[in-house]
Every structure is written in C-alpha cells, then in structure tokens.
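**Q** Sharing a structure below in structure tokens format, with a few things to ask.
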Amino acid sequence: MTAPDHASPAPGTPLLEVTDLAQRYTLPRESLFKPAAQVHALNGVTARVMPGKSLGVVGESGSGKSTLARLVMALERPTSGTVSLLGRDLNRMPPDELRRARRDFQMVFQDPYGSLDPRQTIVRVVAEPLTALGRIDRGSLRERVAVVLRQVGLRDADMDKFPHEFSGGQRQRIAIARALITQPKLIVADEPVSALDVSVQAQVLNLMQDLQEEFGLSYILISHDLAVVDLLCDEIAVMYLGRIVEQGRPDDLFAHSAHPYTRALLDAVPRARAGGIRRRRGAQAIVSRATATTGCPYAPRCPLADRHCRETAPALRSVGGAHLAACHHAEAVMALPPVIAEAG
Amino acid sequence: MSDAPLIEVKDLGVRLNTSRGPAQAVRGVSFALRRGETLGLVGESGCGKSVTALALMGLLPESAVVSGSIRLDGAELVGLPDAAYCKLRGNRISMIFQEPMTALNPMHTIGHQVAEPLRRHTGISAAEAQQEAIALLDRVGLPDAAKRIDAYPHQFSGGQRQRITIAMALACQPDVLIADEPTTALDVTIQGQILDLIASLVEERGMSMILISHDLGVIAENVDRMMVMYGGTVVESGATDAVFRRMGHPYTQGLFRARPRLGARKGTRLKTIAGTVPELADLPAGCTFADRCAIVEARCRAALPAVVDVGAAHGVRCIRTDVSMAAGGSSA
Amino acid sequence: MSAPLTASAATAAIAPGAMPATGFWRRALRHRSFVLGAVLSLSVLGAALLSLVWTPWSATDIDIASKLRPPSAAHWLGTDVLGRDIVSLLLVGARSTILVGVIAVGIGLSFGVCLGLVAAARKGWTEELIMRMSDFTFAFPAVLSAIMLAAVAGPGMVTSITAIGIFQIPTFVRVTRGSANAIWAREFVLAARAAGKGSFRITIEHVLPNILSILIVQATIQFALAILAEAALSYLGLGTQPPQPSWGRMLNDAQTLLFQSPMLAVYPGAAIAIAVLGLNLLGDGLRDLLDPRLARER
C-alpha cells in the first residue's frame, strides 16, 4: 500500500460526532424590497456514531435528513455547529487534508441511474474515490476494483462495461463497490434502496448487512422506510422539520414511541395482511417549514397538542436511558398501547 | 345497480416494439369490474401493470399491437379510432399518475387545468367550469380552493398537487378510475390521506377503480380484489383477503417475504428472490417466473401454465401449487 | 498472478471501446441527413483540396478579352467581369471559406468553452463577470467588430477571421455554461465531490465528456455562421483582399453587374448555400447520433 495508514484515534472516540448542527438556505427573493426568505433545513442537530455502530435517520421530505447527509459528507458548510470525524472537525481542515480524510467516509446515493456517470466505464466509476486520493498505477487499480466488485457480487468482466448495461439493482451494487474501495469506516447511504424493486431491494439490503459484519462498517442510513432502518441500525433518529424529535434503539422507538410523530409514521405504514380494512386517518394539516413558529414544530399536526405545546418548544430529553424525545407529553405517549405491528 | 360488469377485459395482449425487438408486454389478462368495485394490480417494474393501464386508456404508442377485448358498458374499445377514444378519456375513464408535478402543466393555473376536461367534454361555459373546478378542488381537500384557483402547480406541495390531479381526473365523473402508483412519490403520512380521499370518492360516486402499486401493503388496505403480475402475465388473482391468507404463487410468496418489515431485529436476513426481473424482450418460454423459482421443474418451462383455482375465485398460474401452498406462504 | 489478469483486462478493454465506434458508423450511415450533410461538407472540402493541385484555369489571371462569357466547354460556368474562370474562382474560394471557418470557430470554441466551463465551475462573481463580458461582446455584431478592427489593423483575411472568431466566443460561452450547469446539477458530480475530486478534475473528467456532443453540434452551426459572416465581410470589402478570391468577394464583384449577368451572383451564392446547408445537416445528424438516449438503445 502506498497510502499511509488510516488515522487511529484513542479508543472510545466516537467515529462521527455532529454537534448543534444548523443549516439555513436563503430562498430567491420574491420582492426587491423584502428581505429574502430563509429555510431552516437543519435546526440544531446533535448525534454521534460509535465505531462499528449504525445510525438510521428517518423522516419525510423536508425533514432535513438529506441536508444532514450532505453536511456529514462535508459537501456543504453548515451555518453553525460542527461535524467531527474521529475527533477532527471536517470544516476546519485544510482542503488537502479533507480530501485525504475522505477515504474514511464515503457515500451511496439514492438514484442508481443518476449517480453513475453514463460516459465512464465501471472501472473508472468504482475507482474514482481512489483516484481522487492520488495517483495509483493501472494494474493495482484494476486489481482493487476487481476485489470490491466481487465483494458486492459482480464479476471482474463487468469492469469495462458502461453503467447503462446494468439493471438498477446492479448499479446500486456498483455504487456500493465504489464506496467500499477506500475501505472506509463510515458509509452515508441516502435512501439506497428506495428506487429499487422489492425483490432487488432485499438483495441489496442483505449485501449491506453482510458488508457491515465483514468490515465492521458504520452506516448512516437515511430512509423514509422505518423497516429498512430497523433492519440495519443500532440507533434511530426520527427527524421532523430539521430537528431530531426522537432518538433511541429500534426496540425503544417502535415498542414505546415517545413522540406522537413517530407514532404517526408507524401508523401510516400500510400493512400487507389479510383483513386490511381501510384504516382512516384523520386529515392532517401540512405546515410550511419557512414559517418560524414558537412552540413545538409538530404542534399543528399533533392530536395531543395543548397551549403549553404551542407556546414552548420542547427540548430533546431522556425518557429512559439513551431513549430521547422532544415532547412535553412523552410519558403519556409512551403509555399508549403500541402501534400494532404487522403479523409475521 | 345492474350486475353486468362495467368494464370487462378478456384475454388482453399487448405487443410493444422495443429497441431490443418486439416484446409481448402483456398476455392473457382478463378481469371484470362492476360499479363500485376496486381492483389492485401489483408487481415490480416491467411486469406489465402500467402497460395494462395504458391499454385501457388507449394511450399505448401507435406501434403497439393490442389483442383481446376491452368492453366498457358492453362497447368494444380495442381498435377504437383515437378520435373516439379521446371522447372517453377524462370523461368515462380517467387516470391518476405517479408524479403529480409532471402530470400538471407548469404554465397553466390549476383552475384552468381542472376546468379544461369539463369544458371539453361537457361544453359548459367558462364561468360554470370555473365554479365546478372550485367545488372539485374543495372536495379533494385543497385548502382555500376558491382563492388559490389562479395559482400555478409549483406553488403547491407534492400532496396538494396530487389532490389537484385527482380533481382533474374526477372532473367529468368518470366511471372507471385508474390510479397508477398514485402515492409512490409522496410521504408516508400523506400517502394515507390521498388513499383515503380516493377511497371515499370511489365510494361516493360509484366508480370502479383500478389501483396499481408495487406495495403489497397499499394493495392489502385499499382494494377488494387483486392481481399479481409478473413478466406480462397475471400469476395470481383473487379477493385481496383470500390472497393474503393463502398466497399460492411462488412469486407472490417471494415478493411478500422479501419486504423488510418492522420489528425484525437488526441482523435478520431478508429472504430474497434470486436473479433479476426479466427483460420483456427475452422472456423465458413457459412460466415467466421459472428462472427465479425455487421449486421449478422441467415441465414449468414447457408451456405457460394454466390458471389453477385454489379457492373461490382465487386463481394461481402455477402447476406446482400443491408444493408451493403446502410449504406455507400465508401471512399468518 | 497479475500478469494474466492485466492481459485479459487489456483485451477486454479494447472490445467495448471498439463496439460503440462500429455501432456509431453503422447508425451514421443509416442517418439520412447526416449522410447528405457529410456529402455536401466533404464536397466543399474536396473542392478546396482540389484547388491546391489543379484548377481548370488560373484563378488570378485576368483576361479582359474574354470577360463575361456564358458557360462553354472551356469555361464551364463562364467568366467574370475580369475574364477569370468562375469554376476556378469557386474552387479556390472554398479554401478561404474553410480557412475562415476553421480558424474562427477554433478561436470561438477554445476561448468560449474555457470561459463557459470556468463560469459553471466557479459560480458567484466569476460567473457573473464572464457572463456580463460575453453579453457585452455579443452586443457588437461580427460586421461591426470587423469594421472596428479593420479601422485599427486594416482590412484583410486576418482581420476578418479574428473579428468573426471573437464574435463567436459569447455563443460558445453561453452554450457551454448552460449545458455544464446541467451536468453540475447531476448526482454523479455530487458523488465525485463526495469522493474528494476538485472542480478542475470534475470539469475535465465528468462535465466536458458529457457536454461534448452539444459542443460539436454547436461548432458545426457556428462554422456555417462563420462562412456567412466571411461572405458578408468580403462583400463589404473588409475580408479577403484581391486578388485572393473568396465566395463573399465574388458576390461583392457580382453586385455591380446584377442586371447584366445575374448568374455571377447565383454561383457563389449557391456555393455558400451548399456549404451552410451541408454543415447544418451534419450538425443535426451528429446531434442525433451522439445523443446517449438514441445511441444507447436502452
């Protein structure tokens, strides 16, 4: 190996630590005389991932989960807050050092059609994180590409093909191979299976699980699908309008949800079983994320909201060990009977 | 209401010209729907569910060859000239698409777009059409419909846009509503609201609905009867409850088991279906699922299996139901 | 261990590289407007090449005695007011036409693409500055800038080529920036950034290959425009200077005799039309043939 060894920090250092992360985007001005509106995409998010552990992030569109992914990948600078990988602040690193540090964290994107350059061969696509680190001779490059292609269940011969010659599932395998090639410690996967067919989705999820076991990888898995996150993660964070509203182990979260939004998400999942008579859900108002409200951001949709909720925003607090929730009525929510999970 | 089916499809076949040569995208699809009945089509990409929907709408490309019969209230639709089909589309048969943003024209106000089918098919005045459009948008739950009638599609959220396309589809009180993955592009909490809305409208107006989805959960909760499609054929069909109670086809079973489900501990392995969805242009002879089936035999590849009745109005296109159904495969 | 691997890899590397090429030519020969465009463009090129080794008569020899002859066996298209052979003039004129096209488009392409790529990659005030400057240049038509240049440097081929070249830059800047911006918005560029690639390498490795087909098509259109501009400048007397013939100058000379011998204007006009039509058809064809959606046959 020509590259220097990966940095090895003191034991007990979290692999990734994000502290009080906030990101604001300025919207295009609607009028010359009004100040441009801002969107709070992320509003004070704090989380950590220990080596070998995986964090799932769930939420709906506009929850800020993809913004979080881009900030963790240092693709954008946060408005405030820090992202630290192995104790080093990514946004304070000189560009060259950041580039080298990227070998430890790679990303898998949602769209297996858009995330691979249609005009590059697979060997170039997969090797890109390596070639970005520095020069590497062609022979050993092809060898390392062959190794990762085999690890994700593709053949050496696939190296010289173009992305359009592969199906969606195979392309996502290629994207995973590309993320694996620098032997990273963390892979950020933004909706990695949501564009795939159900039967193919299962293959890719199993592959991600195998790689996790084999290499002790950590994932930050961004998904709208609670079941997908449940399958791969040790801890889950539920996001709503740029904030984490509940966080904890999957067991805690699903059996004893402490936030009404988590319950709403669980309840909304259609159940594939006999006798599935339509379960009517009450109409829920949709709130804009541009409006800065006082009080709990979920209050307009929450069946339990009272005056206190509308006036004071709840802080994220422990409701039992590492189980956190941002709800004034967390205890009352936990006392509710669990949302009935699907049989089987 | 009469017992005669509103829409009756017999042995529908569609041959498409793809870049890889002619492909039999749909074969032998038959079903009948009475007023107020709902039918689900479930399957993965390329299984023929959307092509079936487009065939019903008469929206297939000109090069497509349609065989079999589609009867709406007894009138044959296959071979109908396009001009005659235009009078049906949006009027008697309507469709809701997956992506509300692309289904709406960004250059026209929503009021114009909802009112347009009304004016075209019923010939009412612009002012009347406008009033009707406001009423429709109100009915689909768009807040402040009267005020926002002159707004453009980009000023609405995804869920609101889908409500607008539903209003467009319902404008002329169609008899048959085809919903092609109407909630796939939406958030899960919005999905419930939209499906609720569609269900209550179907009930209220006595329409027949064909709901297309890749999601077994959406199918289980929203339709009376379902058809599972694979490789252009219906591999299993029946009352939704009956199918979910006793899945007969290895593919239906595989699809069901492959889904990650809540409460599965970390480290649980999903049961996958080996291989990938076949290309329509090179489907295997015989059973289309043969190449991926765990219990395949030589005779499965000989000819397309006939439909076997495994229960009251529950049919499975498999010659090995004795094995597949003995092995389990129900959701219980 | 690694030797057989690389050997088999090398053969494998050749095959897919060769495949699209053969596919390209097979599809190209079936594409009607591409074939017609190529035939017309190649015949103009052929005429220019032929004129280097052979012309029926000398294109510069003046023979007043046989001026304004109708077409005959000796002079296939007749002679002009100075008794020069029209066919020979057209053949030699093709040379300057092509020269102007190639160099002017070369100037526009190289400067315009570089500036467009920088604008797309840097964004912010760099982009703003480049775009405003190109707007400024765009505001002066080629003819006007040629007149200004000619006032400073004197009329001539170099002046007209430079003026046309500069006039072409803003078009290339706009086309390049627009299509490059679309590529920058694609997810594979985000993936490259996540892998640690800087904007220079992303531009070279991802953006440029993906906009190449658009640029090639634009270049053929600009080539046609350059020919027209050269004709216009020569017509005004700002382009190629006598005795060097060019199609534009032939038009210029024919102007005074438009009522006596209108055919003198028709011949160079037809030659320009053929060249421009050929290049436009060629550009249309290339656009179709290089479109990945059509080429891939997915």
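The values are calculated or read from the model by the stated rules, or taken from the named source; none is laboratory data. What you are looking at is a predicted structure, and each value in this text was computed from that prediction instead of being measured. Every residue, glycine among them, receives a Cβ derived from its backbone with ideal geometry; neighbour counts consider all protein chains shown.
**Q** If a residue has to be among the charged types (D, E, K, R), closer than 20 Å to B:I198 by Cβ and away from chain A (no Cβ under 14 Å) to count, how many in region B:100-148 make the cut?
**A** 1
**Q** Here is a further query. Give just the number: which of (1) over 15 Å from A:L116 (Cα atoms); (2) under 24 Å from the mean Cα position of the chain (by Cα); (3) not in a loop (DSSP other than H, G, I, E, B) does A:V193 not satisfy?
**A** (3)
**Q** Here is a further query. Output the number of the condition that A:A127 fails; it satisfies all remaining conditions of (1) in contact with a Leu (Cβ under 6 Å, 6 or more places away or on another chain); (2) within 23 Å of A:P14 (Cβ to Cβ); (3) at pLDDT 90 or above.
**A** Unmet condition: (2).
Results for (1) closer than 27 Å to B:L77 by Cα; (2) part of a strand (DSSP E or B); (3) in contact with a Leu (Cβ under 9 Å, 6 or more places away or on another chain); (4) modelled with pLDDT under 90, shown as yes or no for each residue.
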site	(1), (2), (3), (4)
B:A185	no, no, no, yes
B:E204	yes, no, no, yes
B:V228	yes, yes, yes, no
B:D241	no, no, no, no
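**Q** Sort out which residues of region A:111-123 are crowded, with 18+ Cβ neighbours inside 10 Å and either more than 8 Å from chain C (Cβ to nearest Cβ) or part of a helix (DSSP H, G or I) (or both), and write them in order of number.
**A** Answer for region A:111-123, where residues must be crowded, with 18+ Cβ neighbours inside 10 Å and either more than 8 Å from chain C (Cβ to nearest Cβ) or part of a helix (DSSP H, G or I) (or both): A:P112, A:I122, A:V123.
**Q** Continuing with this model, one more query. Confirm whether A:V200 is in a helix (DSSP H, G or I) and either in contact with a strand residue (DSSP E or B) (Cβ under 8 Å, 6 or more places away or on another chain) or away from chain B (no Cβ under 14 Å) (or both).
**A** Criteria not met by A:V200.
**Q** With the condition kept exactly as written, say whether any residue in region B:283-295 is part of a loop (DSSP other than H, G, I, E, B) and within 10 Å of chain A (Cβ to nearest Cβ).
**A** Among the residues of region B:283-295, not one is part of a loop (DSSP other than H, G, I, E, B) and within 10 Å of chain A (Cβ to nearest Cβ), which makes the answer no.
**Q** Return the total of residues in region A:58-106 being more than 15 Å from the chain's Cα centre (by Cα) and not β-branched (V, I, T).
**A** 26
**Q** Quick one: how many residues across region C:194-209 are free of Cβ contacts under 8 Å to residues at least 60 places away in the same chain and surrounded by fewer than 22 Cβ atoms within 10 Å (Cβ to Cβ)? Don't jump to the end; show me each part of the working.
**A** Taking region C:194-209 and keeping what is free of Cβ contacts under 8 Å to residues at least 60 places away in the same chain, we get C:194-198, C:201, C:204-206, C:209.
So of that shortlist, the ones also surrounded by fewer than 22 Cβ atoms within 10 Å (Cβ to Cβ) come out as C:198, C:201, C:204-205, C:209.
Result for region C:194-209: 5.
**Q** Considering each residue of region A:77-110, count those that are touching a Lys or Arg at 6+ places or on another chain (Cβ under 6 Å) and within 12 Å of chain C (Cβ to nearest Cβ), and give that number.
**A** Summing the residues that are touching a Lys or Arg at 6+ places or on another chain (Cβ under 6 Å) and within 12 Å of chain C (Cβ to nearest Cβ) in region A:77-110 gives 1.
**Q** How many residues are without any contact (Cβ under 8 Å) to a residue 60 or more places away in the chain, farther than 27 Å from A:V193 by Cα and away from chain C (no Cβ under 11 Å) if we restrict to region A:124-156?
**A** The number of residues fulfilling the criteria is 1.
**Q** Give just the number: which of (1) surrounded by fewer than 20 Cβ atoms within 10 Å (Cβ to Cβ); (2) at pLDDT 90 or above; (3) closer than 30 Å to B:I194 by Cα does B:V234 not satisfy?
**A** (1)
**Q** If you don't mind, another one. With (1) crowded, with 17+ Cβ neighbours inside 10 Å; (2) within 11 Å of another protein chain (Cβ to nearest Cβ); (3) out of contact with any Phe, Trp or Tyr (no Cβ under 8 Å at 6 or more places or on another chain); (4) more than 18 Å from A:V200 (Cβ to Cβ) as the list, and B:G267 as the residue in question, which single condition is left unmet?
**A** So B:G267 meets the others, but not (1).
**Q** Looking at region A:203-224, which of its residues are part of a loop (DSSP other than H, G, I, E, B), at negative phi and either of a type in the set (A, V, I, L, M, F, W, C) or more than 7 Å from chain B (Cβ to nearest Cβ) (or both)?
**A** A:L217
**Q** I'd like to verify a number: residues in region A:47-66 that are assigned to a helix (DSSP H, G or I) and either crowded, with 23+ Cβ neighbours inside 10 Å or not polar (S, T, N, Q) (or both), how many?
**A** 1
**Q** Counting residues that are at pLDDT 90 or above, under 25 Å from B:L186 (Cα atoms) and aliphatic (A, V, I, L, M), which helices (runs of 4 or more DSSP H) fully inside region B:43-147 reach at least 1?
**A** Once the helices (runs of 4 or more DSSP H) in region B:43-147 are filtered for at least 1 residues that are at pLDDT 90 or above, under 25 Å from B:L186 (Cα atoms) and aliphatic (A, V, I, L, M), what remains is B:49-57, B:110-122, B:126-139.
**Q** While we're on this one: Search region B:188-204 for residues being within 8 Å of another protein chain (Cβ to nearest Cβ) and within 18 Å of the chain's Cα centre (by Cα), and hand back the single one that is farthest from A:R263 (Cα to Cα).
**A** B:A199
**Q** Six or more apart or on different chains, Cβ under 7 Å: which pairs go from a residue in region A:229-241 that's more than 15 Å from A:T262 (Cβ to Cβ) to one that's β-branched (V, I, T)? Could you list them?
**A** As it stands, the answer is A:L231/B:T268, since those pairs meet every condition given.
**Q** I'd like the full set of residues that are within 23 Å of B:F256 (Cβ to Cβ) and without any contact (Cβ under 8 Å) to a residue 40 or more places away in the chain, limited to region A:204-224.
**A** Selection gives A:V204, A:L205, A:N206, A:M208, A:Q209, A:D210.
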